[in-house]
Amino acid sequence: MSGHYQLTSRHEGKETEPARGGYQVPSSVGLAAVSSHSLEQIRRNEQTWDDDEDSSPYRIKKERIPRHEPRREKKHREKSGPPGFFREFYWARMHGVRHLLDNLNEFGYLLCVPFIAMLMIAIIWQNRQLGLTAASGIIAINVVRFYINLIHLAVIPFRNSLTQGTLFFIPPITFYFLYKHWNVMKQGARKLEGPILQIVVAVLVFTFIPFLQSDGGSQDLSLPDRIKKESRELRKETESNTEKLEKFSKKAGSEALEGARDKLEELAPDEKMPATE
């Protein structure tokens, strides 16, 4: 019984007498002798705690690998490696094309913002001609943006290989590729929603606001007929403004070339360009 002790709390005002044959500890914590019966109980408790905590080491089950798998992995490592020069060049060019298309789309959106503000001003002032100019600008810019985003969507399959991009233009393979790789194509497809939405809003504005309608707000036509009629009017206005813009651009370009030629003649009046055979 000697040699085994148990910690007990010391009561104030009482001095704990050390057990006969034991040790005296100079502390406020008292030690009491442990009997053989108590020692067996303590050992059983310790064993129970060990069983509850499951302190025995775990055995990790290893995955069974077929015999041919190491050879397959070795062959794959031998085939795989850093991409070659032509593949890196191809990836860089495709990335550049997609980046250029994204910039053109964003630039078109910025060009469309003033026309949207112009349409809002036309509604406030009830000015139909200003509204026609604004709506034609919105439609023309968003048609160009739609085709830019459509080209961007068609360029995505070319990212991996030229063959995959070429097969994408075959209709059955097109739908299969969209279904199989929708997570990749989803972002490019959603870029088509912006231009379509702006064109639809411009047409609906001219359909439901009376003073912007071509017939002065007549309600004789049904809603589908009115939408078709306003769409035709906006299309004519857009084509007319586009033709005017092309003529203005050609005229401005020719005038700029004439001015540059006159400047060159003033700087070097005696010099002549060498004749080409």
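Confirm whether residue 165 is over 26 Å from residue 230 (Cα atoms) and among the small types (Gly, Ala, Ser). Answer is yes for this residue.
Condition check: at pLDDT below 75, closer than 19 Å to residue 118 by Cα and either of a type in the set (S, T, N, Q) or touching a Phe, Trp or Tyr at 6+ places or on another chain (Cβ under 7 Å) (or both). Does residue 214 satisfy that? Against the criterion (at pLDDT below 75, closer than 19 Å to residue 118 by Cα and either of a type in the set (S, T, N, Q) or touching a Phe, Trp or Tyr at 6+ places or on another chain (Cβ under 7 Å) (or both)), residue 214 qualifies.
When you scan the range 153-201, how many residues do you find that are closer than 30 Å to residue 132 by Cα, in a helix (DSSP H, G or I) and not small (Gly, Ala, Ser)? If you could, list the steps in order and put the result at the bottom.
We begin by selecting, within the range 153-201, every residue closer than 30 Å to residue 132 by Cα; these are 189-201.
Imposing the further condition that a residue be in a helix (DSSP H, G or I) reduces the set to 189-190, 193-201.
Checking which are not small (Gly, Ala, Ser) leaves us with 190, 193, 195-201.
So the answer is 9.
The set of residues in the range 123-149 that are over 15 Å from residue 203 (Cα atoms) and either within 30 Å of the chain's Cα centre (by Cα) or outside any helix (DSSP H, G or I) (or both) comprises 126, 127, 144, 145, 146, 147, 148, 149. Within the range 159-173, the set of residues being out of contact with any helix residue (DSSP H, G or I) (no Cβ under 8 Å at 6 or more places or on another chain) and either exposed (fewer than 11 other Cβ atoms within 10 Å of the Cβ) or more than 14 Å from residue 90 (Cβ to Cβ) (or both) comprises 163, 170, 171, 172. Kindly establish whether residue 145 is surrounded by 14 or more Cβ atoms within 10 Å (Cβ to Cβ), in contact with a helix residue (DSSP H, G or I) (Cβ under 6 Å, 6 or more places away or on another chain) and modelled with pLDDT under 90. It is false that residue 145 is surrounded by 14 or more Cβ atoms within 10 Å (Cβ to Cβ), in contact with a helix residue (DSSP H, G or I) (Cβ under 6 Å, 6 or more places away or on another chain) and modelled with pLDDT under 90.
What about residue 136, is it surrounded by fewer than 13 Cβ atoms within 10 Å (Cβ to Cβ) and farther than 16 Å from residue 94 by Cβ?
Considered against the rule, which asks whether it is surrounded by fewer than 13 Cβ atoms within 10 Å (Cβ to Cβ) and farther than 16 Å from residue 94 by Cβ, residue 136 comes out as no.
The values are calculated or read from the model by the stated rules, or taken from the named source; none is laboratory data. Quick caveat, the model's predicted, so the values are computed rather than measured. Virtual Cβ from ideal backbone geometry, glycine too; neighbours counted across all protein chains shown.
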